[in-house]
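Below: the structure, in structure tokens.
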Amino acid sequence: MKKIKPIFFYLSGIAATIIILYFVASINPDFSSTPNMKAPPGDISGQPIPQDKIHQGLKNPIAQKPSKSNVLPSIMQHMNQLKKAVEKNPRDTAKLKEYADFLLSAQMSDRALYYYKEILKINPRRIDILSSVVFIYFSQNKLDNAEKYLNKILSVDKNNVDALYNLGAVSANKGNRIKAKEYWQKIITNFPKSPLAQKAKESMSQL
């Protein structure tokens, strides 16, 4: 069986990163093992790197972490400006998010995670931020942590179909097919008109 892959969408603007993620309906309970992760670090989807300002500034965005030697000066300048703005007002959640999104786009996931969590300290009910944290943990193959934050989303919005679907995907990747079916069946039963209802059916058929 094929591994699960995330489908992610890039947002407009300099902080071009995913906020809501889905997982395609191809399941492999052994996904958590490193040999099955064929995509190179920084691009877990295996898709081409987007042609935005951040990624254009990198000479080899997959192989290298951003640094002064491989990032355009204008990008480094913008990053430093965002950092200073956050340091000046660490409770400005708009700036915190902008900086975290920028860091995530620049493949600095751990640093981005820190600032997303700073936002959650101020407002733990931010579903958009919780979703970004889920994406980072899933991309790092930390499925328990991804599951934890998906449940936080449901504690804020019990009818969040995205979180339900992704919990099913995480459960399937952890090898718990029964639990995965339970999440997906809930979507099919309670949200039959949701775009993810069909994906849930397809996922269940491949378990």
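A few notes on this one:
- Against the list (1) touching a residue at least 24 places away in the same chain (Cβ under 8 Å); (2) surrounded by 21 or more Cβ atoms within 10 Å (Cβ to Cβ), the condition Ser194 fails is (2).
- Total residues in region 156-191, condition at negative phi, part of a loop (DSSP other than H, G, I, E, B) and either over 18 Å from the mean Cα position of the chain (by Cα) or touching a residue at least 60 places away in the same chain (Cβ under 8 Å) (or both): 6
- Scanning region 144-155 for residues that are basic (Lys, Arg), in a helix (DSSP H, G or I) and at pLDDT 95 or above turns up at least one hit.
- Considering the conditions (1) closer than 28 Å to Met76 by Cβ; (2) of a type in the set (A, V, I, L, M); (3) at pLDDT 95 or above; (4) in contact with a Lys or Arg (Cβ under 9 Å, 6 or more places away or on another chain), Leu96 is excluded by exactly one of them, (4).
- Of the residues making up region 136-177, those that are within 30 Å of Ala106 (Cβ to Cβ) and among the hydroxyl-bearing types (Ser, Thr, Tyr) are Tyr137, Ser139, Tyr149, Tyr165.
- Neighbours by Cβ (under 9 Å, 6+ apart or cross-chain): first from region 120-147, at positive phi; second assigned to a loop (DSSP other than H, G, I, E, B) and small (Gly, Ala, Ser): Asn141/Ser32; Asn141/Ser33
- Check on Asp110, part of a helix (DSSP H, G or I) and either of a type in the set (Gly, Ala, Ser) or loosely packed, with under 15 Cβ neighbours inside 10 Å (or both): yes
- Residue count for region 128-162, restricted to those that are surrounded by fewer than 16 Cβ atoms within 10 Å (Cβ to Cβ) and closer than 30 Å to Asn89 by Cβ: 6
- Residues satisfying the criterion are present in region 162-183 (criterion: under 22 Å from Asn123 (Cβ atoms) and not hydrophobic (A, V, I, L, M, F, W, C)).
- Residue in region 167-184 that is β-branched (Val, Ile, Thr) and surrounded by 15 or more Cβ atoms within 10 Å (Cβ to Cβ) present: yes
The values are calculated or read from the model by the stated rules, or taken from the named source; none is laboratory data. Quantities reported herein were computed from a predicted structural model and do not represent experimental measurements. So basically every Cβ, Gly included, is an ideal-geometry build from the backbone, and we count neighbours across all protein chains shown.
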